[in-house]
Amino acid sequence: IKDRQGEGKALGNLGNAYQNLGDYPKAIEYLQQWLAIVREIKDRQSEGKALGNLGIAYDSLGDYPKAIEYYKQDLAIAREIKDRQSQGDALNNLGYTFYKQGNLLIAESNLIEGMKVKESLRSGLKDSEKVSIFDTQGNTYRTLQQVYIAQNKTDAALEIAERGRARAFVELLTSRLQTTNSLANIAQQVSVAQIKQIAHNEKATLVQYSIIYDYFKVQGKEQYKESELYIWVIKSTGEIIFRKADLKPLWQKENINLNDLVDNTRLTIGVRSRAGGGIIAQAAPGTNQTEKLQKLHQLLIKPIANLLPTDPNNRVIFIPQSGLFLVPFPALKDENGKFLIEKHTILTAPSIQVLDLTHLQKQRSEMLHGTSLQNVLVVGNPTMPFVPLFPGEPPQQLPSLPGAELEAKDIAQQLNTHAIIGKQATKKAIAQKMPSAQIIHFATHGILDDYRGLGSSLAFAPEPSPNSPPKPGEINGLLTAEEILDMKLQAELVVLSACDTGRGRITGDGVIGLSRSFISAGVPSIMVSLWSVPDAPTASLMTQFYTNFKQSRMDKAQALRQAMLTIMKTHPNPRDWAAFTLIGESE
């Protein structure tokens, strides 16, 4: 039908299909035909795409000079038609190819320019849009880290690793702090000097992980696989040490990737890694829990074990990435069978810069409240709402949590307040009390949304008024991460004693869920769970935590560690004691 544009598209798609099959000469043949048509019809955008795809095909063949030639033509067109997205992609591809060619300085300059172009695309976007676009921009940050490490510029690589995570979160927190706090003067890009200062302020050893991917020939085809794990240890003295672990043997010999190893380890503890309607999974028969916990320890901790503090009371703050956000760090086991929590006081954070911001939030909280405990909000076992556990199913009432009720009463007594329980604990009543509370403790059901993240929620009693029927899809009684994100809170500590409250949608910007929303709302310290926690051991752990925190004058992280060590004696399975992590500030 003489539709030249459609013909060109079909040829281009055929070229891409052969590229994915690993038949690069055939891919080039079809892509050249596409290029000829788009030049004939003067479609500049498609011409740039065709040139870029030809560059990728020659790259896969190992013909780097030819690949570079095509990428440069693609870049010239993208600049001419002011297509910044394509410009960033072309610079990224050029940088990667120069890196593979061993031309590190030219690789570095192209990647830095590409990074700046891609970052310019984020200005003016909403938080959720920044998170989405950020997920498409990870390659440039990763390759630039590889280029710096190849030149032994480990500090520069750390700056890029930090710049490439939680950017939307940092920008959201900064904008909120600047409107409420004259202390907030955060640079857009963090420097090594600032990173050292943050470790000093936190009086902690920071451990930053960065998962590096690369292209490998697997059965004749190029596949994007995990290559190495970069690890930086930043001591409170300002010393920075770089180590790395080889991830290739995982998929080459054991046919597994790092995320799957984390998932499998969680299963041996008896917990799920995907949303499962609040169900606690049983460990698969024959799986060796110790073996899996030791394998993760070997990858994540062993390379840096001799750099961690010898005093177990000294804090270690892990800054994970991707699937590492689901790692039960306290339960990792060394070769002698010792749990990590037995040796170290552990916290986590989404990025080093987020720590800087939670530190400012803590200072603000101290200015507001001083050091005395005035306003404590404790909620336990609300009358449960009706919730569809799986999409399309009729709503069922969530089961009651008698252990959570006892927990709330015990904790309220310790903190000189009354627990709000049963039908009194409505979403509306609790939401009204949250902005003025200094400590917030919720012992209820957590509902995980690992698809969107902002749908993750906490269960409270439904409102009794029958006059206003709920809107379609609205569930009476759930307080969502999206609603919390818009709140202004002044609590210095929030404890979410519920299932999966530390989880959500894992993105390049970290975990989108309840923890991110509470921190964004102004909370410097939040304790959350990484799985569906059992009712009775959790109640014991929480009661013990507050005893340690209030009566023994420990900081929050030390109080949690000691609570875990206590509960471990009567409940040895990590499922019962290792779920909780403290994010942000310890003091």
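The values are calculated or read from the model by the stated rules, or taken from the named source; none is laboratory data. Since the model is a prediction, treat every value here as computed from it, not as a measurement. Because the Cβ atoms are built from the backbone with ideal geometry, glycine has one as well, and the counts that use them run over all protein chains shown. Side chains are part of the model used for accessible areas, which takes the heavy atoms of the whole protein and leaves out ligands, DNA and RNA. Shrake-Rupley method; radii C 1.70, N 1.55, O 1.52, S 1.80 Å.
Across the range 241-253, coupling constants 3J(HN,Hα) worked out from phi with the 6.51/-1.76/1.60 Karplus curve, θ = phi - 60°, read 10, 10, 9, 9, 10, 7, 9, 4, x, 4, 8, 6, 9 Hz, and Gly and Pro carry x.
For the chain, what is the mean residue ellipticity at 222 nm derived from helices alone (per DSSP H run of n ≥ 4: -39500 (n - 2.57); sum divided by total residues; nearest 500 deg cm²/dmol)?
-14500 deg cm²/dmol
For N255, the shell of other residues with beta-carbons less than 13 Å away shows a net charge of 0, using +1 for Lys and Arg and -1 for Asp and Glu.
Of the trypsin sites (Lys or Arg not before Pro) found in the range 1-48, those in coil by DSSP whose Cβ has at most 15 other Cβ atoms within 10 Å are K2, K42. For trypsin sites (Lys or Arg not before Pro), the sites in the range 66-174 that DSSP calls loop and that have at most 12 other Cβ atoms within 10 Å are K82, K126.
When Rg/Rh (Cα atoms, Kirkwood Rh) is calculated for this entry, the matching label among [x] 1.03; [y] 1.12; [z] 1.00 is [z]. Checked against a 30 Å cut-off, the cross-linked pairs K130/K253; K235/K488; K118/K203; K203/K338; K248/K338; K116/K333 give Cα-Cα distances beyond that limit for K130/K253; K235/K488; K118/K203; K116/K333.
Gyration tensor over the Cα atoms of the range 82-182: the corresponding equivalent ellipsoid has semi-axes (square roots of 5 times the eigenvalues, largest first) of 27, 17, 9 Å.
A viscosity of 1.002 mPa s and a temperature of 20 °C, combined with the Kirkwood radius over C-alpha pairs in the Stokes-Einstein formula, give the range 368-455 a diffusion coefficient of 149 µm²/s. Need one number: % antiparallel among DSSP beta bridges in the chain, to the nearest 5. Taking every DSSP beta bridge within the chain, about 60 percent pair in antiparallel fashion. For the range 62-164, the relative contact order is 22 percent, taking Cα pairs closer than 8 Å that sit 6 or more residues apart in sequence and dividing their mean separation by the residue count. Measuring nothing but protein heavy atoms, the accessible surface of the chain at 1.4 Å probe radius is 50 percent carbon and sulfur. Annotation: amide H of A425 within the under-5 Å range of T383, A461, sequence separation 5 or more or interchain, hydrogens built in the peptide plane. Residue ranges 414-427, 480-493 sort as 480-493, 414-427 when ordered by packing (mean number of other C-beta atoms within 10 Å per residue, highest first). Summarising the amide proton neighbourhood of L121: residues at separation of 5 or more, or on other chains, whose placed amide H is nearer than 5 Å comprise an empty set.
Could you state, as a whole-number percent, how many of the C-alpha pairs of the range 511-587 are farther apart than 22 Å? Percent of Cα pairs beyond 22 Å in the range 511-587: 25. Remark: relative contact order (the chain) = 10 percent; criterion is Cα-Cα distance under 8 angstrom and separation of 6 or more residues. Altogether, the Stokes-Einstein calculation at 4 °C and 1.567 mPa s, with the Kirkwood radius of the range 1-135 over Cα pairs as Rh, returns a diffusion coefficient of 83 µm²/s. In loop segments of the range 315-372 as defined by DSSP, the GluC sites (Glu not before Pro) with at most 11 further C-beta atoms inside 10 Å of their C-beta are E335. Where Lys and Arg each count +1 and Asp and Glu each count -1, what net charge lies around I211 among other residues with Cβ under 10 Å from its Cβ? That works out to -1. Using the Stokes-Einstein relation with a Kirkwood hydrodynamic radius computed over Cα pairs, the translational diffusion coefficient of the range 314-468 at 20 °C and a viscosity of 1.002 mPa s comes to 115 µm²/s. When only the Cβ of Lys, Arg, Asp and Glu is charged (+1, +1, -1, -1), the dipole of the chain relative to its Cα centre reaches about 320 debye. Taking every protein chain into account, the accessible area of the chain amounts to 41 square angstrom per residue (probe 1.4 Å). Computed on the range 15-70, with alpha-carbon pairs under 8 angstrom and 6+ residues apart, the relative contact order is 29 percent.
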